[in-house]
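Colleague: Sharing a structure below in structure tokens format, with a few things to ask.
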Amino acid sequence: MKSLTECTVGCEGRIVKIKAKDPIKGRLVSLGLTKGSEIKILDHTLAKQTWEVESDGTKIALRDEEAATVFMEPKGSCE
Amino acid sequence: MKCGNCEEQKSDNRDARGGVSGLKKIKVALAGQPNVGKSSIINSMTGARLHVGNFSGVTVEKKEIYIEKEGYEIEMVDLPGIYSLNAYTPEEQVAKNFLYNEDYDLIVNVVDANALSRNLIFTFQLMDMKKKMILVVNMIDEVEKQGGAVDRHKLEELLGIPVILTSAKEHRGVDEIVDYVIEVYKKNKPKNKLFYDERIEEQIEKLIRVLHKSPHFKDPDEARFIAIRLLDRDEEIYKTIHDLPIFIELHEMLGKIYKELEMEFDEESTSDILSNERYALSKALVMKTFKSPPKRVTLTDRLDKLLIHPVFGLPIFLFLMWLLFQITFEVGSIPMDLIDAAFVEVSNTIKAVLPSGAIQSVLSEGIVPAVGSVIMFLPNILILFLGINLLEQTGYMARAAFLLDGFMKRFGLQGKAFIPLVSGFGCTVPAYMAARTLKNPKDRIITMLVLGFMSCSARLPVYVLLIGAFFPASHAGNILFIIYISGAILGLIVAKVLRTVLFKGEPEPFVMEMPPYRFPSMKALSVELWIKAKLFLKKAGTFIAGASMVIWFFSSYPHNSQLVQNYEAKMEAAANEAQKVHLQNELAAKELESSYLGTIGKTIEPLFAPLGFDWRVSVATLSGLAAKEVVVSTLATLYAVGDADEKSGTLIERLRENISFKAAVALIVIIMIYSPCIAAMSTFWAEVPQWVWRGFYMIYPNVMAWVAAFGVYNLLDFLGY
Ligand SMILES: Nc1nc2c(ncn2[C@@H]2O[C@H](COP(=O)(O)OP(=O)(O)OP(=O)(O)O)[C@@H](O)[C@H]2O)c(=O)[nH]1
Ligand SMILES: [Mg+2]
């Protein structure tokens, strides 16, 4: 289990936990980031302050604080 | 209590319907997640011209559009997009309030075929409401082009509501919507097909039994909805039951149910349990009804590789903005002389045709040149709007927000605030509205307080005029870019100050959908530009014409016959022609000074004297509070009146003669910072109810503008300009 911010660009896996509190959690869920959904890290800005991930065909931008609350089980090694 | 009351009102309204015009009325709520194409569908169905854009949160206020068909008058209400009934941002709240409290007959739920499973989660929430409902699966063109498909009949069967596949872009299926609306309206409500896990259903039953004890929730469907919303931790619904006599019983029971379910499902909150349920359900549904297109690298993926590249992303963004202002100035200037010449022609014709007198003067010297001086800038304005529109339509807007988020965070804002800020370059009014997409009230008010520093397109004429008069032509585009960027940077700095001094606390978290890139439709672009052009010409023909008439009147009256007589005598005695012309000019200037406007100008002159403004520039500056274009028309009128020999040169030349470089830069600074126009100010008042902020908003930009202009003026003075 790794938080999104611990992953590198290109990393793929499945979400296993979201530690964010409501209402942010609700927002993440309604964008498709829920326990069980697949996720891929697409990009981050230079300072790694903002991240872009893709889940189920939807691309989502989020800040490192929020990304750090989403945990995934990476498929294969992804360092 | 509220819910019970509006239930009663509803039935009253229903009886009263269908009377007056003979048409039966159907009210339809168009609801769905953001950026699925709700507004586009209405446009495609009805030929309306609702604003669309390729990012979440384009529509921030509900809009009604009417269609007549088969003896029905159908009112389609375009709602802002909403991700979930647990609304998050103020504009989502607008949609939620409508869905909960308004009286409407059915819901048309629009979903994006590209993201069906995510969209269906919201569909299930809507289905809990037990309203008559139609599902519209939009953007089907994109899915099919990639080789995917949606099984409409299977989806209908499983959901138990009619399903229509549409493409607003290709005008496919959209006309069916009206037919279905009428058909569904006539039919009875369909049976509920949406059930949750048995353990949840059991608890829902328990809640319904308690709710039934209250006279407000006798309707089993409504009671079920309330029960589900309570499990979904919907605060609004919680508030509505709060004042009921059954509240205590309900409250106790809810506490127990929450605990039980959370233990049983091992989740933190019952709302998570429901989300998981809906998620599983939608996955299953999508599996049965959706043939997903083969995975491949899309255009969006390839573009994003470059456009949001960690290193190149920001420079590319800055380059694009620079390019926009460059083109705005350079290309926009091409037709300027033509437009100018056309208005001079009109003026001359009026002089030739009309008998001389007050009417001829007000037209040929007051209104026509003033309006012309403003319309001259229509090409610049249209190019700027085209640029902003492209930003909105292509999907690049969300990318810019992504790129700038880290930067904006340092100034106490978040990336999403970029969207209203950029709209502010077009017009401040919709930008104030767009700030509704910011959830946190502090973020929102900070953004709104600095929005005025994003120079709107109405200020463009003033800038272009002053740049043309006081800067070398080779740098004009760059100067324009610098002006806009300085405004933006100033806005960020002020935001930072506001955040540290007045609004302590962290900015709201940034979570935003990044839509795929889409080719802008030429038709939509030209329609938007046409609307902008029409609005601008209308404003020039009415508001600005009116303002310039007032300015002309106050600058021409009262007549000082004593003064005229004195000068006529002097002119008689003049030795040569040159002296005569000199005296004539002096007379014109004196007359202007003794006019009403001159008197006013002289009174306020001391306020602006430290900035190097004469009374005419002072008056023009003040008149800009009505609308920024008026600054230009006022300058045009005032500097024309004071000039006896009217053919001598253009407004630009007169400005050069009368205003120093330092004062011109100070004027640019003032225009950049001080209060926006009346329309924008009243929008701010409508959007911000707190008196403190209204008051603050009225004062601080003006004080700041003066101080900054004073600083710049003296700095330039010190540097020897
Ligand atoms: N290819 C394709 N694009 C579409 C279709 N319908 C809408 N679009 C595009 O999708 C984007 C979003 O359209 P809007 O109509 O603004 O969406 P909305 O649901 O009103 O969005 P909000 O007001 O933000 O909730 C625009 O760029 C449209 O051009 C469609 O059927 N096919
Ligand atoms: Mg819309």
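None of the figures in this text is laboratory data; all of them are computed from the coordinates on show. Because the structure is a prediction, the values reported are computed rather than measured. Using ideal geometry, Cβ is built from the backbone for each residue, glycine included, and neighbour counts are taken over all protein chains shown.
Colleague: Which members of segment B:282-297 meet the condition of being at the interface with another protein chain (Cβ under 10 Å from one of its Cβ atoms) and not small (Gly, Ala, Ser)?
Modeller: B:Lys283, B:Val286, B:Pro293, B:Lys295
Colleague: Consider B:Phe418 carefully, then state whether it is away from every other protein chain (no Cβ under 14 Å) and either out of contact with any Ser or Thr (no Cβ under 7 Å at 6 or more places or on another chain) or part of a helix (DSSP H, G or I) (or both).
Modeller: The answer is no for B:Phe418.
Colleague: Could you list, in sequence order, all residues of segment B:411-434 that are surrounded by fewer than 24 Cβ atoms within 10 Å (Cβ to Cβ), of a type outside the set (Gly, Ala, Ser) and under 21 Å from B:Leu382 (Cβ atoms)?
Modeller: Correct list: B:Val422, B:Cys427, B:Val429, B:Pro430.
Colleague: Ok, one more. Please enumerate the residues belonging to segment B:307-327 that are within 14 Å of chain A (Cβ to nearest Cβ) and among the aliphatic types (A, V, I, L, M).
Modeller: Residues satisfying the conditions are B:Leu307, B:Ile308, B:Val311, B:Leu314, B:Ile316.
Colleague: Exactly one of (1) facing another protein chain (nearest Cβ under 8 Å); (2) crowded, with 18+ Cβ neighbours inside 10 Å is unmet by A:Asp22. Its number?
Modeller: If we test A:Asp22 against (1) facing another protein chain (nearest Cβ under 8 Å); (2) crowded, with 18+ Cβ neighbours inside 10 Å, just (2) comes out false.
Residues checked against (1) within 14 Å of ligand 1 (Cβ to nearest atom); (2) touching a helix residue (DSSP H, G or I) at 6+ places or on another chain (Cβ under 9 Å); (3) within 14 Å of chain A (Cβ to nearest Cβ):
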{"site": "B:Asn109", "(1), (2), (3)": "yes, yes, no"}
{"site": "B:Asn114", "(1), (2), (3)": "yes, yes, yes"}
{"site": "B:Ser117", "(1), (2), (3)": "no, yes, yes"}
{"site": "B:Phe122", "(1), (2), (3)": "yes, yes, yes"}
{"site": "B:Met129", "(1), (2), (3)": "no, yes, no"}
{"site": "B:Val143", "(1), (2), (3)": "yes, yes, yes"}
{"site": "B:Asp151", "(1), (2), (3)": "no, yes, no"}
{"site": "B:Leu155", "(1), (2), (3)": "no, yes, no"}
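Colleague: Quickly run through segment B:41-57 and pick out the residues that are on the phi > 0 side of the Ramachandran plot and more than 7 Å from ligand 1 (Cβ to nearest atom).
Modeller: B:Gly47
Colleague: Report, by residue number, each residue of segment B:49-86 that is surrounded by 17 or more Cβ atoms within 10 Å (Cβ to Cβ), more than 9 Å from ligand 2 (Cβ to nearest atom) and assigned to a loop (DSSP other than H, G, I, E, B).
Modeller: B:Asn54, B:Phe55, B:Ser56, B:Lys62, B:Ile82, B:Tyr83, B:Ser84, B:Leu85, B:Asn86
Colleague: Something else about it: Under 9 Å by Cβ, and 6 or more places apart or on different chains, what pairs join a residue from segment B:486-499 that is hydroxyl-bearing (Ser, Thr, Tyr) with one that is in a helix (DSSP H, G or I)?
Modeller: Partner pairs satisfying both residue conditions: B:Ser486/B:Val669; B:Ser486/B:Met672.
Colleague: Moving on to the next point. Can you tell me which residue among B:Ala609, B:Ala575 is loosely packed, with under 13 Cβ neighbours inside 10 Å and in a loop (DSSP other than H, G, I, E, B)?
Modeller: Going through B:Ala609, B:Ala575 in turn, just one is loosely packed, with under 13 Cβ neighbours inside 10 Å and in a loop (DSSP other than H, G, I, E, B): B:Ala575.
Colleague: Here is a further query. Check whether at least one residue in segment B:509-525 is surrounded by 14 or more Cβ atoms within 10 Å (Cβ to Cβ) and of a type in the set (Phe, Trp, Tyr), and report yes or no.
Modeller: Within segment B:509-525 (the criterion being surrounded by 14 or more Cβ atoms within 10 Å (Cβ to Cβ) and of a type in the set (Phe, Trp, Tyr)), the answer is yes, since at least one residue qualifies.
Colleague: One residue is enough: does segment B:190-213 have a residue meeting the conditions of a type in the set (Phe, Trp, Tyr) and outside any helix (DSSP H, G or I)?
Modeller: There is at least one residue in segment B:190-213 that is of a type in the set (Phe, Trp, Tyr) and outside any helix (DSSP H, G or I).
Colleague: What are the residues in segment B:195-220 that are within 29 Å of B:Glu156 (Cβ to Cβ) and surrounded by 15 or more Cβ atoms within 10 Å (Cβ to Cβ), if any?
Modeller: B:Tyr196, B:Asp197, B:Ile200, B:Ile204, B:Ile208
Colleague: Looking for whichever is in contact (Cβ under 8 Å) with a residue 60 or more places away in the chain, of a type outside the set (Asp, Glu) and within 13 Å of another protein chain (Cβ to nearest Cβ) here; the options are B:Tyr83, B:Tyr100, B:Tyr104, B:Tyr88. Which one fits?
Modeller: Being in contact (Cβ under 8 Å) with a residue 60 or more places away in the chain, of a type outside the set (Asp, Glu) and within 13 Å of another protein chain (Cβ to nearest Cβ) holds for just one of B:Tyr83, B:Tyr100, B:Tyr104, B:Tyr88, which is B:Tyr88.
Colleague: Let me ask something else. Look through segment A:33-54, keep the residues that are facing another protein chain (nearest Cβ under 8 Å) and under 16 Å from B:Pro515 (Cα atoms), and return whichever of them is surrounded by the most Cβ atoms within 10 Å (Cβ to Cβ).
Modeller: Per the stated criteria, the residue is A:Glu52.
Colleague: Name the single residue, out of those in segment B:167-195 being within 16 Å of ligand 1 (Cβ to nearest atom) and of a type in the set (Val, Ile, Thr), that is nearest to B:Ala113 (Cα to Cα).
Modeller: Looking at the filtered set, the residue picked out is B:Val174.
Colleague: Consider B:Ile182 carefully, then state whether it is within 23 Å of B:Tyr279 (Cα to Cα) and out of contact with any Pro (no Cβ under 8 Å at 6 or more places or on another chain).
Modeller: no
Colleague: Just one of the numbered conditions (1) touching a residue at least 12 places away in the same chain (Cβ under 8 Å); (2) within 9 Å of another protein chain (Cβ to nearest Cβ); (3) polar (S, T, N, Q) is not true of A:Ser30; which one?
Modeller: The failed condition is (1).
Colleague: On to the next question. Starting from residues that are surrounded by 21 or more Cβ atoms within 10 Å (Cβ to Cβ) and either in contact with a Cys (Cβ under 9 Å, 6 or more places away or on another chain) or of a type outside the set (A, V, I, L, M) (or both), keep the ones in segment B:272-281 and report whichever is farthest from the other protein chains (Cβ to nearest Cβ).
Modeller: Among them, the one singled out is B:Arg278.
Colleague: Report yes if B:Leu587 is within 37 Å of the chain's Cα centre (by Cα) and surrounded by fewer than 22 Cβ atoms within 10 Å (Cβ to Cβ), otherwise no.
Modeller: No.
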